There are 2 protein chains.
Amino acid sequence: MKPDKISEAVVRRLPVYLRYLNELSSTDILTVSSQELGRKLDLNPAQIRKDLAYFGDFGRKGVGYNVIYLIEKIRQILQLDEPRHVALVGTGNLGRALCNYNMKENVKIVAVFDSDPSKIGTTMNRLIVQPMDELEQTVREKEISIGIITVPASEAQKVADRFVTAGIRGILNFAPTVLRTPDGVRIHHTDFTADLLSLAYYMDSDDET
Amino acid sequence: MKPDKISEAVVRRLPVYLRYLNELSSTDILTVSSQELGRKLDLNPAQIRKDLAYFGDFGRKGVGYNVIYLIEKIRQILQLDEPRHVALVGTGNLGRALCNYNMKENVKIVAVFDSDPSKIGTTMNRLIVQPMDELEQTVREKEISIGIITVPASEAQKVADRFVTAGIRGILNFAPTVLRTPDGVRIHHTDFTADLLSLAYYMDSDDET
């Protein structure tokens, strides 16, 4: 049903397209050209046309893309029509920030966990923080398919292992460490320290004075 | 002085190599093979060898890479030998999480700002939250070269513009929106909502029952 030849780089750009298309749609803009998309998203229009061509040829020369159709198509490809339930482990500032974030899509944090007894039973964005030993049962009961890790690096692999055991097949890791998961489990790393350090490469020393 | 032919993808991997090499170094491991690096970092050893070859041929067949030398070299390429001062705007949960994070490198948040009067004057990880109108002067006085944006999407472009005006040449944006900056200003987007939504693509619908 889903085309599985789409490269990871393209898949990563789809949510960015989707967000902007949703913005357009909310202001009743019904068509958009690859040039406009490129300008707004800081991407090459040719790249955008290539990306969108994966999903069928629905751009019309001189008219542009149908915004509503594109939204539908991207949501379908990302499988966002079915709700995705997410569990989050680690209720520090970062976990709290993610919980408060309004995803505006069918992907929703429905359970939060922490191993710290002083956190358990407190609420975070209307969810009660649960102890780790309730993870497996909650994943089953709430049909959770994605897990988010916002614990310190030293704890992250343990949490990933628990997620995998519980049947979770997609993990978003914020801990600054590379985690190992078995085949069939997809893991994405959001590594802001790497993002920050790699910025330094592009700083021109001459500008510094 | 710095080779500017290194691709962005390679530059993004360097901090990840660096972090693991630092771990090795702290446990007195002095050589590492591309196989070991690959296993630990979930990367192809051939890719790693190719990446590291950019910086000169210092791996020795059958012996591996000299950890200390590699650390030095990567830090040099990322220009981490000179301290990088960072300003952060937006003192919500995410800003707080970033401030508390120990970077372990020469990149340091030295000033935090918010436009909310109720936040100004409070402290965040030993820094006093400053009003936005002190941004330019503080950037100058504290020789800040990198800015982090952790404000809502609707405010983010305004903050980016202020950073640019203040002379900042590298921006790390956490707001879920694409920002425009003039040529010569480098911007990295850390977009966890896109990371999360793109995960859904890899979820197998059959696993969901």
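The values are calculated or read from the model by the stated rules, or taken from the named source; none is laboratory data. Quick caveat: nothing in here was measured; it's all calculated off a predicted structure. Glycine gets a Cβ as well: all are built from the backbone with ideal geometry, and neighbour counts include every protein chain shown. What goes into the accessible areas is simple: the full protein's heavy atoms, side chains included, and nothing from ligands, DNA or RNA. Shrake-Rupley method; radii C 1.70, N 1.55, O 1.52, S 1.80 Å.
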Can you name the residue in the range B:55-69 that is assigned to a loop (DSSP other than H, G, I, E, B) and over 24 Å from B:Ser7 (Cβ atoms) and, of all such residues, is modelled with the highest pLDDT?
B:Val63
Restricted to the range B:29-47, and to residues that are of a type in the set (Ser, Thr, Tyr) and not in a helix (DSSP H, G or I), which residue is surrounded by the most Cβ atoms within 10 Å (Cβ to Cβ)?
B:Ser33
Which one of these does A:Leu52 not meet: (1) open to solvent by 50 Å² or more (accessible area, probe 1.4 Å); (2) in a helix (DSSP H, G or I); (3) over 30 Å from A:Ile144 (Cβ atoms); (4) away from every other protein chain (no Cβ under 11 Å)?
(1)
Could you tell me which residue of the range B:153-164 is farthest from the other protein chains (Cβ to nearest Cβ), considering only residues that are more than 18 Å from B:Gln137 (Cα to Cα) and hydrophobic (A, V, I, L, M, F, W, C)?
B:Ala156
Cβ-Cβ under 9 Å pairs, at least 6 apart or on other chains, the range B:127-141 side closer than 16 Å to B:Gly92 by Cβ, far side assigned to a helix (DSSP H, G or I) and open to solvent by 30 Å² or more (accessible area, probe 1.4 Å):
B:Met132/B:Arg162
The condition from (1) more than 12 Å from chain B (Cβ to nearest Cβ); (2) of a type outside the set (Asp, Glu); (3) open to solvent by 70 Å² or more (accessible area, probe 1.4 Å); (4) part of a strand (DSSP E or B) that A:Pro117 misses is numbered (4)
Just wondering, is there one or more residues in the range B:56-70 that are within 14 Å of chain A (Cβ to nearest Cβ) and either surrounded by 15 or more Cβ atoms within 10 Å (Cβ to Cβ) or of a type in the set (Lys, Arg) (or both)?
no
One residue is enough: does the range B:133-148 have a residue meeting the conditions buried (at least 20 other Cβ atoms within 10 Å of the Cβ), facing chain A (nearest Cβ under 7 Å) and farther than 25 Å from A:Asn44 by Cα?
yes
Restricting attention to the range B:96-108, does a residue exist that is open to solvent by less than 30 Å² (accessible area, probe 1.4 Å) and more than 11 Å from every other protein chain (Cβ to nearest Cβ)?
no
Have a look at A:Arg126, A:Arg162 and point out the one that is of a type outside the set (A, V, I, L, M) and crowded, with 18+ Cβ neighbours inside 10 Å.
A:Arg162
Residue list for the range A:165-206, restricted to those being in a helix (DSSP H, G or I), more than 8 Å from every other protein chain (Cβ to nearest Cβ) and open to solvent by less than 30 Å² (accessible area, probe 1.4 Å):
A:Ala166
Those residues of the range A:117-140 which are farther than 21 Å from A:Leu172 by Cβ and acidic (Asp, Glu), in sequence order:
A:Asp133
